[in-house]
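The values are calculated or read from the model by the stated rules, or taken from the named source; none is laboratory data. All values derive from a computational prediction rather than experimental measurement. Glycine gets a Cβ as well: all are built from the backbone with ideal geometry, and neighbour counts include every protein chain shown. Note: areas computed on protein heavy atoms with side chains; ligands, DNA, RNA excluded. Shrake-Rupley method; radii C 1.70, N 1.55, O 1.52, S 1.80 Å.
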Amino acid sequence: MKPNDSLTTILEEIDHHVSKHKLDVGELLKYFSRKSFGVLLVIPGVALAIPPIGAIPGIPFMMGLFIVIVSIQIVFSIKNVWLPRRVLAMNISQKKIRYGIKHAKRIAKYIDGHTKRRLTWVLTPPIINFVGFIIMILGLLIMFIGFIPFIPAVLGMAVLLFGVSLITGDGGILLIGLTAASLLATVIYSFAT
């Protein structure tokens, strides 16, 4: 896989691999290479942004903790995603992954069509390290004030934007995510005081 491969291409490669072999979480992350951090932010971002899921007690805390674990690695410029061995070794059902890929391709095509590599300087250190810190703060907010209705969904959308920007290499989306996070911080601060 090349760093500039589209999401659609990556999903097709995974689908081809899964049709012949078993796949575990570690292998799946290898397909995404440096984009793995983005993928691991998109997953909780989407889960939180869907109101019924983000409203289930305990889910915001777990998703927030996961976001914090991933974002700390971004802050410290870790090259490869670290997850516990037990998680990396988990097998993913061929049936489930192929079903997920089938439905994700439509979204991937949309993202591929509306994003491009631009403003890539915001995706390099030290800026990306600062963004990792912002994502960590969002994760902590999700963990500790996630019980307030709609807060997890709104914060999850900001995390989702950051994840998509890391996957696509689109610094413009990252700047939109920073703007959204700044607005959220202002709103939360105004309600807190």
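A few notes on this one:
- 10 Å binning of all Cα-Cα separations within the chain, expressed as whole percents from 0 upward: 9, 36, 38, 15, 2, 0
- Length-normalised contact order of the stretch 1-96 in % [C-alpha pairs under 8 Å, at least 6 apart]: 41
- Choice from G100, G139, G156 showing the highest fluctuation, given a GNM over the chain with Cα pairs closer than 10 Å: G100
- Less than 5 angstrom separates the built amide H of L23 from those of I92, all sequence-distant by 5 or more or on a different chain.
- Under the span-like rule (Cα at least 30 Å along the axis, Kyte-Doolittle mean at least -0.5), DSSP H helices of the chain: 171-192
- Trypsin sites (Lys or Arg not before Pro) lying in DSSP loop within the stretch 84-193, provided at most 15 other Cβ fall within 10 Å: K116, R117
- Summed residue charge, Cβ within 14 Å of I173's Cβ, Lys/Arg positive, Asp/Glu negative: +2
- Net charge over other residues, Cβ less than 13 angstrom from the Cβ of G26 (K, R count +1; D, E count -1): +2
- Largest mean-square fluctuation among N91, N129, N80, in a Gaussian network model of the chain whose springs join Cα atoms under 10 Å apart, belongs to N91.
- Atom-type composition of the exposed protein surface of the chain places 70 percent of the accessible area on carbon and sulfur (1.4 angstrom probe).
- Excluding ligands, DNA and RNA, the accessible surface per residue across the chain is 58 Å² with a 1.4 Å probe.
- Considering only L183, L166, L141, the mean-square fluctuation computed in a Gaussian network model of the chain, springs between alpha carbons under 10 angstrom, is largest for L183.
- When you filter the chymotrypsin sites (Phe, Trp or Tyr not before Pro) in the stretch 33-141 for DSSP loop state and at most 16 other Cβ atoms inside 10 Å of their Cβ, you are left with F76, W82.
- Given their separation in residues at 0.36 nm each and the Cα-Cα distance between them, S33 and S93 gain 19.5 nm when the chain is fully extended.
- Whole-Å distance, taken between Cα centres, linking the stretch 18-46 and the stretch 163-192: 23
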